[in-house]
1. Go through (1) open to solvent by 40 Å² or more (accessible area, probe 1.4 Å); (2) under 18 Å from A:R103 (Cα atoms); (3) over 14 Å from the mean Cα position of the chain (by Cα) for B:R195 and report which single condition fails.
2. Among strands (runs of 3 or more DSSP E) lying entirely in the stretch C:180-299, which contain 3 or more residues that are closer than 20 Å to C:H113 by Cβ?
3. Filter the stretch A:98-111 for residues that are surrounded by fewer than 20 Cβ atoms within 10 Å (Cβ to Cβ) and either within 10 Å of chain B (Cβ to nearest Cβ) or under 15 Å from the mean Cα position of the chain (by Cα) (or both) and give the result.
4. Identify all residues within the stretch B:205-231 that are in contact with a Pro (Cβ under 7 Å, 6 or more places away or on another chain) and open to solvent by less than 20 Å² (accessible area, probe 1.4 Å); write none if there are none.
5. Take the stretch B:26-49 and flag every residue that is part of a strand (DSSP E or B), more than 14 Å from chain A (Cβ to nearest Cβ) and out of contact with any His (no Cβ under 8 Å at 6 or more places or on another chain).
6. Within the stretch A:174-189, how many residues are in contact (Cβ under 8 Å) with a residue 40 or more places away in the chain and open to solvent by 10 Å² or more (accessible area, probe 1.4 Å)?
7. For the stretch B:173-196, enumerate the residues that are of a type in the set (A, V, I, L, M), more than 13 Å from chain A (Cβ to nearest Cβ) and in contact (Cβ under 8 Å) with a residue 40 or more places away in the chain.
8. How many residues are in a helix (DSSP H, G or I) and open to solvent by 70 Å² or more (accessible area, probe 1.4 Å) when one looks only at the stretch B:141-155?
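The values are calculated or read from the model by the stated rules, or taken from the named source; none is laboratory data. Predicted model only: the values in this text are computed from it and were never measured. Every residue, glycine as well, gets a Cβ built from its backbone with ideal geometry; the counts of neighbours run over all protein chains shown. Keep in mind that these areas ignore ligands, DNA and RNA; they rest on the heavy atoms of the full protein, side chains included. Shrake-Rupley method; radii C 1.70, N 1.55, O 1.52, S 1.80 Å.
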Amino acid sequence: MPTPLVVSDVAKSFTMHLRDGIRLPVVAGVSFSIRAGECAVLGGPSGAGKSSILKMLYGNYAADEGQIIVQHEDGLIDLASASPRTVLAVRRQTIGYVSQFLRTVPRVSALDVVAEPLVERGEEREAARDKARTLLTHLNLPEKLWTLPPATFSGGEQQRVNIARGFITEHPILLLDEPTASLDARNRDVVVELIAAKKAAGVALLGIFHDQDVREAVADRVIDVTAFAAGRIAA
Amino acid sequence: MTDEPLLRVSALSKFYGSRVGCETVSFDLWPGEVLAVVGESGSGKTTLLNCLSTRLLPSSGTASYRMRDGQWRELYRMSEAERRFLMRTDWGFVHQNPADGLRMTVSAGANVGERLMAVGDRHYGKIRATAVDWLSRVEIDEDRIDDEPRAFSGGMRQRLQIARNLVTGPRLVFMDEPTGGLDVSVQARLLDLLRGLVTDLGLAAIVVTHDLAVARLLSQRMMVMKDGHVVESGLTDRVLDDPRAPYTQLLVSSILQV
Amino acid sequence: MTDIATYNFAYLDEQTKRMIRRAILKGIAIPGYQVPFASREMPMPYGWGTGGVQVTASIIGPDDVLKVIDQGADDTTNAVSIRAFFKKVANVAVTTDTASATIIQTRHRIPEHPLNAGQILVYQVPIPEPLRFLEPRETETRKMHALEEYGLMHVKLYEDIARHGRIATTYAYPVKVEGRYVMDPSPTPKFDNPKMHRSPALQLFGAGREKRIYAVPPFTDVVSLDFEDHPFEVQTFDQPCALCAAENVYLDEVILDDRGGHMFVCSDTDHCEKRREEGHRGHLAPDAQLALERTEPAE
């Protein structure tokens, strides 16, 4: 099995300049890899740095040190030191991300929010919308909401739009930050199905799931983040 | 798709006497990329924008632009005629105050058509049809085409200014606080419109703003300026979610949450 | 030197005339380009043709024959006083006959009678800058001329069509000279624009208040700006001159009474008189009936 994502010795801390430059270490020595077709889950109590790791893998947080090697197109790229432009290309083609919350854009319909990542990858808008419709139907989002901007949706509805947006593309790596947090049981099961389908398609998945049932249903293995705790050493 | 930047800026500095306007600013801008320049008043972001758009000559440094024929040209070595031609064909400039970028005493249609006439279009019917098309793209009713912008609201004026700039299909647009001075709801509409146009047309843009929400919505990359210097730059969401420079942290923490 | 002892020949001193001639020569060398010159105070108010008078004063010689018209007429105040002025300060021969004049100073018309090589037409110009109404900054309009940025001129014509359905500019209609400079032909009706094109006469333009001189040398291309789908057209009149029955000439409306009575007559008085001398009669000519009786059997 290929290994499209290798993380080695990554460390992250926050320096709070507004609070006399106090340094808050988050994680250190983060090392793991994800194989294609597996779903790994970051485990550990809240505050252990699970979300920070995920955000570093998406380029949303900067890593202080270490390497994040990603199989991108035909080469390997170190995301920790890549230029913004490369990070954008990796996000477009290689790494998908489902965040906890949907960042809404005024006046853009739910359907187009979902279809957008495909359009960015060069798909025809109508074809992309068709796929978006299929996914939103699958996730039980009422059809009357599709043409509305999601800003006024409930948390669960927004979350489903967000999931559809994350799952619509065929990114070889998919990061999931508590995608099921505000879903009911029926929709959680749909997400579990979607994850299984991604695994079958050879996607490497890395996620955070607080929901025990979902975690057990999707996880091939758990990466214990407490092993990377940096607090005691650095402070 | 070419893998060359559109604009290369190297060690650009502008001094007003001994006072620093902006100092040793360097970056590359790629086609289709939106770069936000943020900072408070007096941080040098407008000076930088004016230097880049050649409205102001820098004290030192270079900026090169890849012309439509693929040739690289140094902006500050071009003749004024070439620069002015560039500014009304391949570039756009959206002013904060639409009155600075519009002809307030000629009709909306003529405002949009002016660039076309400037590059030699001489068919009234076609010029007008293009103006109608552009007005609809910026959500101005066709029946306002013969009205002067004086009769328009602030938001409409700003949308008209955008249409006037985009009608020649520029590849690079400079924007100076494009949503400044507009009501929040009008801002949202304008931002959404701009975002759509930038994506659809594959425009590269340099947007100066003090509004971090505008930067997040429009740009992929941003530069944070303070006292004429770039204190932090990178992916927009990285800079906003994981600010590293003390000043950026102050800026980000100063946003009112709603 | 007896009659004009108190003035230098043609009023202006020789240094001033040289300065103005240099400006004129430069203007001729760069057709349509507005040459700044040090306009002098003249013994008449601005707006009465101080620019044209200075140009005429600088080119006129003792052997010249001067004609002065104001809106086509030889006998209006402005024309009469300027003619009297040069008669006094230069002691030159004056005429109302277009063909025999060597210099014709004009306000707002070009004579109907075709001009010949060797004749000079001097225009009085109020506002020489064709871009002025849309661009108030002189620095900017100069730059626009220098860089040939004339899109704005078409913006003005566009506005005309948008508002009136056609190009409604009827006078001071912008022209492009020799494919380069856009020029204001002074407030002549656009009816006269075609007469400027490749005219055998030298055309000089003087703007006294604005301190500009420009020129169109003989046989120079003068093209009226337009749109492909709204081509340049001159005014047409649906009736001939009421006095001389001339067609295809520029007519003025003359009010006859306070009950709406009016007639259209030649704006060029010399042309009209010549035609009447030749026996042409319009329907309102005082002896029209006579003329009709005389000409009808022949038809």
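1. In the conditions (1) open to solvent by 40 Å² or more (accessible area, probe 1.4 Å); (2) under 18 Å from A:R103 (Cα atoms); (3) over 14 Å from the mean Cα position of the chain (by Cα), B:R195 misses (3) alone.
2. Passing ranges, in order: C:202-207, C:262-266.
3. Once the filter is applied, which keeps residues that are surrounded by fewer than 20 Cβ atoms within 10 Å (Cβ to Cβ) and either within 10 Å of chain B (Cβ to nearest Cβ) or under 15 Å from the mean Cα position of the chain (by Cα) (or both), the stretch A:98-111 yields A:Q100, A:F101, A:R103, A:V105, A:P106, A:R107, A:V108.
4. The answer is B:V207, and nothing else.
5. B:V37
6. 3
7. B:V173, B:M175
8. 3
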